Ligand SMILES: CC(C)(COP(=O)(O)OP(=O)(O)OC[C@H]1O[C@@H](n2cnc3c(N)ncnc32)[C@H](O)[C@@H]1OP(=O)(O)O)[C@@H](O)C(=O)NCCC(=O)NCCS
């Protein structure tokens, strides 16, 4: 994705979608901090209030690494959602970056508006154009919205990690999902 595009949410609001680069590190750090404090959105993710934020330098390196793709949705100057793909071991001749680990997070005010599906389509396009053979995602079994979102986009559940986290006083399993792109 080279250019910014406009995307209309189901509620009529228009957001801008474009690739996140190292120069966007400050905006991303602000967004990640908001995610940690957004209970609804962070409930079934690894975010929690007070989660240490990464250093700006590590963010710049991550976003400018050509083996990663970070795409963000912006409401004005603020990032309100993002999807990522990271190639697994691109320099290892056995793995060759053929698998891409994906993930998405959108602030609760902007969820269930079609944005997650749109970001998934963009991430998948990048994966196909950049030699990724398989997409992989991990989702807590209670995260119905994310599961629906992935299943609807052609991912299959291929495994389960039992009692993988303890959330709201109960054990939560984690599903492993994948989608072969060929
Ligand atoms: C998971 C997430 C990225 C999905 O994005 P989204 O913008 O909310 O989802 P979309 O509006 O594109 O919906 C895609 C599909 O997901 C499902 N879905 C959306 N909202 C849902 C809800 N409230 N309950 C159940 N399924 C839902 C539907 O099948 C929907 O398709 P449809 O609208 O054509 O029926 C987003 O909700 C999010 O960031 N959630 C919090 C963080 C998180 O859980 N991230 C994933 C961690 S693995």
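Please treat every number below as a calculation from the coordinates, not as lab data. Worth saying up front: this structure is predicted, and the values here are computed from it rather than measured. So basically every Cβ, Gly included, is an ideal-geometry build from the backbone, and we count neighbours across all protein chains shown.
What number results when the radius of gyration of segment 26-82, computed over Cα atoms, is divided by 2.2 N^0.38 Å? Provide the component values of the computation, followed by the final result.
Numbers: Rg = 11.8 Å, N = 57, 2.2 N^0.38 = 10.2 Å.
Cα Rg divided by the expected 2.2 N^0.38 Å: 1.15.
What percent does the relative contact order of segment 47-144 come to when contacts are Cα pairs within less than 8 Å and at least six residues apart? Kindly include the intermediate steps, with their values, before the conclusion.
Working: 116 pairs, mean separation 21.6, N = 98.
It rounds to 22 percent for segment 47-144.
Counting each DSSP H run of 4 or more residues in the chain as -39500 (n - 2.57), what helix-only mean residue ellipticity at 222 nm follows after dividing by all residues, to the nearest 500 deg cm²/dmol?
Working: 5 runs with 50 residues, N = 182.
About -8000 deg cm²/dmol.
Of all alpha-carbon pairs in segment 1-60, indicate the percentage at a distance above 18 angstrom. Intermediate results must be reported in sequence, preceding the final value.
Values: 942 of 1770 pairs.
Cα-Cα pairs in segment 1-60 separated by more than 18 Å: 53 percent.
Relative contact order of the chain: what whole-number percent is it, with Cα pairs under 8 angstrom and at least 6 residues apart? Numbers along the way, then the final one.
Working: 321 pairs, mean separation 31.7, N = 182.
Value for the chain: 17 percent.
If each residue's Cβ is checked for other Cβ atoms within 10 Å, how do 141, 162, 173 rank with the fewest at the top? List each step's numbers first, then the result.
Values: 141 17, 162 9, 173 14.
Arranged by neighbour count, lowest to highest, 141, 162, 173 become 162, 173, 141.
Which log10 I(q)/I(0) values, to two decimals, does segment 45-154 give at q = 0.16, 0.20, 0.23, 0.24 Å⁻¹ under the Debye formula with one point per Cα?
Results for segment 45-154 at q = 0.16, 0.20, 0.23, 0.24 Å⁻¹ read -0.83, -1.25, -1.47, -1.51.
Would you mind ranking 176, 122, 5 by Cβ crowding within 10 Å, fewest neighbours first? Numbers along the way, then the final one.
Working: 176 15, 122 20, 5 11.
Fewest to most other Cβ atoms nearby, the residues stand as 5, 176, 122.
So, in nm, how far is label residue 180 from label residue 157 when the simple model puts each one 7 Å beyond its Cα toward the Cβ?
2.1 nm
Determine the gain in length on full extension of the stretch residue 164-residue 26; use 0.36 nm per residue of separation and subtract their C-alpha separation, reporting nm with one decimal. Mind showing how you got there, number by number?
Details: separation 138, 0.36 × 138 = 49.68 nm, distance 3.19 nm.
Once the chain is fully extended between residue 164 and residue 26, it gains 46.5 nm.
May I ask you to work out the translational diffusion coefficient for segment 104-165 at 4 °C, viscosity 1.567 mPa s, via Stokes-Einstein with Rh from the Kirkwood sum over Cα pairs, reported in whole µm²/s? Display every interim value, and only then the final one.
Values: Rh = 13.0 Å.
Calculated translational D: 99 µm²/s.
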